[in-house]
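Contents: one structure, followed by commentary.
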Amino acid sequence: MSHKNLDKHGRFRSMTIAFRVSPQERDAIKRMAVLTGLNYQDYLIANATRNEIKVYGNPRVFIALKRELERLTQEIERVKEGSEIGSIQIFVG
């Protein structure tokens, strides 16, 4: 019999859940996971089970936050210039 692979919390996870998302949904999930510092699996599990998601600062999270703020700043500047308003997605937890 093979050895069970446990995660870092000692849990044996043998079940797989898969589902389809649009490219926009995938990008939104990816962005939110990166901003929280979690991997996709942990982020989706926390959201699906309505567990509190705590964000702990580390260089990767700070870089992701900086990039997101730069993206939002560019969108705000574009709108201020009178350009057509695009579809900006802001996520509130």
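The values are calculated or read from the model by the stated rules, or taken from the named source; none is laboratory data. What you see is a predicted model, and the numbers here were worked out from it, not measured in a lab. Note: ideal-geometry Cβ built from the backbone for every residue, glycine included; neighbour counts use all protein chains shown. Note: accessible area is taken over every heavy atom of the protein model, side chains too, but ligands, DNA and RNA are not part of it. Shrake-Rupley method; radii C 1.70, N 1.55, O 1.52, S 1.80 Å.
Under a point spin-label approximation (7 Å from Cα along Cα-to-Cβ), what is the Arg60-Gln74 distance to one decimal in nm?
For the pair Arg60/Gln74, the computed spacing is 2.3 nm.
Provide the solvent-accessible area of Glu68, counting protein heavy atoms only and rolling a 1.4 Å probe, rounded to the nearest 10 Å².
Estimated to the nearest 10 Å², Glu68 gives 30 Å².
Full extension from Arg67 to Arg20: what is 0.36 nm times the residue separation minus their Cα-Cα distance, to one decimal in nm?
That pair, Arg67 and Arg20, stretches by 14.3 nm at full extension.
Compute the Cα gyration tensor for segment 1-46, then decide on rounded, prolate or oblate, letting a ≥ b ≥ c be the square roots of its eigenvalues: rounded whenever a/c is under 1.5, prolate when a/b is larger than b/c in the other cases, and oblate in all that remain.
Verdict is oblate for segment 1-46.
Take the Cβ-Cβ distance between Lys4 and Asp42 as r, set R0 to 22 Å, and report the resulting FRET efficiency rounded to the nearest 0.05.
Step by step, r from the Cβ atoms, then E = 0.65.
Classify segment 1-78: rounded, prolate or oblate, from the alpha-carbon gyration tensor (a ≥ b ≥ c, eigenvalue square roots; a/c under 1.5 rounded; otherwise prolate if a/b is larger than b/c)?
Cα axes put segment 1-78 in the prolate bin.
What figure in square angstrom, to the nearest 10, would you give for the accessible area of Lys30 with a 1.4 Å probe?
100
Within 13 Å, Cβ to Cβ, of Leu65, how many net charges do the neighbouring residues add up to if Lys/Arg are +1 and Asp/Glu are -1?
+3
On average, how much accessible surface per residue is there in segment 1-73, in Å², for a 1.4 Å probe, leaving out ligands, DNA and RNA?
88
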